[in-house]
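Notes follow the structure.
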Amino acid sequence: MSVSPLRCDACDRECTFDHAGPFPPGQEGSYGVAWQCPSCQRRALDVCSIGPLIPVATTCVNCGGERGAGECPDCGLTEVQVRAVFGIDGAITVERAIADAQRGLLRRALAHCNWLLARAPSTELAWRLKGEICQQLGFHTATARMLLHAAEVANAPVLLFSAALSLQELGRNTEAVAVYRELLAWAPEAPNAPLAWSNLGNALSALGRRDEADRAHARALAREPAHSTIAFNYVHHLQQGERWLESLGILEHALRFATDASTRVAFLFSLSRAHAELENGASALDAADAAVALDEHSIGARFMRGRALCLLGRLHEGMAEMQHVLALDPGNRDAANAVRILERAGVTATMPS
């Protein structure tokens, strides 16, 4: 049950955590934890129950059923047996559960959180850890239900952020909007409030409420002008609406703060695209060149470089760049379509060097 690392049957060595996910797929009641032997590389799967979502004093920590004084009527374990299985003693803490989760001992970490929450339901950190594990497993229905409850009982509005995020993952954007607004009204100065404004903008945009989304994104960026995710969300919203000119200012602003290479490549790609849509080939090429200089294997940057070259009438160079994209990504439909258009225009196809 992932309460301790699995051992390899062949090597008798302790395995290391590989990954976890829903098992079987398409449900939220159980998950699989994959372990790998460091010697022979064999993998093993440990299937676990998610356990109780909202534990109370009478909840069986193992299965989530309602227990009496003796055995749990659902799983058959007594409280003494449950404590022995999960290593529950007087010294358990959320910090220990976090360390267990990082080692892949998800079932043990969840059991320790549930034990603590059944006795102290206002333990915010335990709810946060449970929410993070459930979200990482893709159990978004469970996460939203659990954290909406937890925010109230723990008087912790920040938990609403993760609940709303899971609602967005489920496509339940109307509910997500309501939860983000509840968070922002309850705790307008919360540390995650700027990102909540940004995510609110995303949810409103998905609902077609673009004017409201504009205001939410602008407010988020005003609160955190150097936050790359907030800037990227705003740009995505503007470019979805083909508001290319408006997006230029946000992108140029964001690039002044972005230092991470992959983040800069993403912004430069969007900047090149905006310039290309505005038929400004020279600026589109400058941005694409800057992105390629940071990551010569970036498919998006290479594609935009080819597009910019074509805008400037440098068709043979544009063809070579599109060929380069297809060498990196043979299934790239945009590059394949560009090559067909160039071939119909009489441009000779040349393989990239």
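Filter region 50-82 down to the residues that are under 13 Å from Ala111 (Cα atoms) and either part of a strand (DSSP E or B) or of a type in the set (Lys, Arg) (or both) and list them by number.
Result: Thr59, single match.
Using beta carbons and a limit of 7 Å, which pairs, at least six apart or on different chains, have the first residue in region 317-345 and at negative phi and acidic (Asp, Glu) and the second one buried (at least 20 other Cβ atoms within 10 Å of the Cβ) and part of a helix (DSSP H, G or I)?
From residues that are at negative phi and acidic (Asp, Glu), the pairs are Glu317/Leu309; Glu321/Arg302; Glu321/Arg305; Glu321/Gly306; Glu321/Leu309; Asp334/Phe303.
Is it the case, given these coordinates, that Ala120 is assigned by TED's automatic domain parsing to the domain that holds Thr93 and surrounded by fewer than 23 Cβ atoms within 10 Å (Cβ to Cβ)?
It is true that Ala120 is assigned by TED's automatic domain parsing to the domain that holds Thr93 and surrounded by fewer than 23 Cβ atoms within 10 Å (Cβ to Cβ).
Write out, first by first residue and then by second, each pair whose Cβ atoms fall under 9 Å of each other, whose residues are 6+ apart or on separate chains, and whose first residue, in region 125-144, is touching a residue at least 24 places away in the same chain (Cβ under 8 Å) while the second is part of a helix (DSSP H, G or I) and of a type in the set (D, E, K, R).
Leu125/Glu95; Gln135/Glu169; Gly138/Glu169; His140/Glu169; Ala144/Glu169; Ala144/Glu175
What single numbered condition from (1) in the same structural domain as Gly306 (by TED's automatic domain parsing); (2) touching a Leu at 6+ places or on another chain (Cβ under 7 Å); (3) buried (at least 18 other Cβ atoms within 10 Å of the Cβ) fails to hold for Glu246?
For Glu246, the exception is condition (3).
Looking at region 282-316, which of its residues are buried (at least 24 other Cβ atoms within 10 Å of the Cβ) and either without any contact (Cβ under 8 Å) to a residue 24 or more places away in the chain or not assigned by TED's automatic domain parsing to the domain that holds Pro330 (or both)?
Of everything in region 282-316, those that are buried (at least 24 other Cβ atoms within 10 Å of the Cβ) and either without any contact (Cβ under 8 Å) to a residue 24 or more places away in the chain or not assigned by TED's automatic domain parsing to the domain that holds Pro330 (or both) turn out to be Ala287, Ala288.
Anything in region 30-80 that is of a type in the set (Ser, Thr, Tyr) and crowded, with 21+ Cβ neighbours inside 10 Å? List them, or say none.
Across region 30-80, the qualifying residues are Tyr31, Thr59.
One residue is enough: does region 78-89 have a residue meeting the conditions on the phi > 0 side of the Ramachandran plot and either touching a residue at least 60 places away in the same chain (Cβ under 8 Å) or over 31 Å from the mean Cα position of the chain (by Cα) (or both)?
Looking for residues that are on the phi > 0 side of the Ramachandran plot and either touching a residue at least 60 places away in the same chain (Cβ under 8 Å) or over 31 Å from the mean Cα position of the chain (by Cα) (or both), one finds at least one in region 78-89, hence yes.
If we keep just the residues of region 243-272 that are touching a residue at least 12 places away in the same chain (Cβ under 8 Å) and polar (S, T, N, Q), which is nearest to Leu294 (Cα to Cα)?
Out of the qualifying residues, it is Ser262.
Give me the pairs: first residue in region 21-45 and closer than 16 Å to Ala101 by Cα and modelled with pLDDT of 95 or more, second residue outside any loop (DSSP other than H, G, I, E, B) and of a type in the set (Lys, Arg), beta-carbon distance under 7 Å, and six or more apart or on different chains, which are they?
Ala34/Arg43; Trp35/Arg43
Could you say which residue among Glu175, Glu182, Glu279, Glu224 is surrounded by fewer than 16 Cβ atoms within 10 Å (Cβ to Cβ) and among the charged types (D, E, K, R)?
Exactly one residue qualifies, and that residue is Glu279.
Assess whether Gly171 counts as being outside any helix (DSSP H, G or I) and without any contact (Cβ under 8 Å) to a residue 40 or more places away in the chain. Give the steps one after another, and end with the answer.
Details: outside any helix (DSSP H, G or I): yes; without any contact (Cβ under 8 Å) to a residue 40 or more places away in the chain: yes.
Here the answer is yes, as Gly171 does meet what is asked.
Return only the number of the condition from (1) at pLDDT 95 or above; (2) crowded, with 16+ Cβ neighbours inside 10 Å; (3) not hydrophobic (A, V, I, L, M, F, W, C); (4) not in a loop (DSSP other than H, G, I, E, B) that Glu95 does not satisfy.
Among (1) at pLDDT 95 or above; (2) crowded, with 16+ Cβ neighbours inside 10 Å; (3) not hydrophobic (A, V, I, L, M, F, W, C); (4) not in a loop (DSSP other than H, G, I, E, B), the lone unmet condition for Glu95 is (2).
Return the pair list, or none, for Cβ contacts closer than 8 Å from residues in region 201-220 that are surrounded by 24 or more Cβ atoms within 10 Å (Cβ to Cβ) to residues that are assigned to a loop (DSSP other than H, G, I, E, B), at least 6 apart or on different chains.
Sorted first by the residue in region 201-220, then by its partner, the pairs are Ala220/His227.
Restrict the check to region 139-152 and report whether at least one residue is more than 16 Å from Gly51 (Cβ to Cβ), of a type in the set (Gly, Ala, Ser), over 17 Å from the mean Cα position of the chain (by Cα) and modelled with pLDDT of 95 or more.
Yes, the conditions are met somewhere in region 139-152.
The values are calculated or read from the model by the stated rules, or taken from the named source; none is laboratory data. Bear in mind the structure is a predicted one, so any value in this text is a computation, not a measurement. Backbone-built Cβ (ideal geometry, glycine too); neighbour counts: all protein chains shown.
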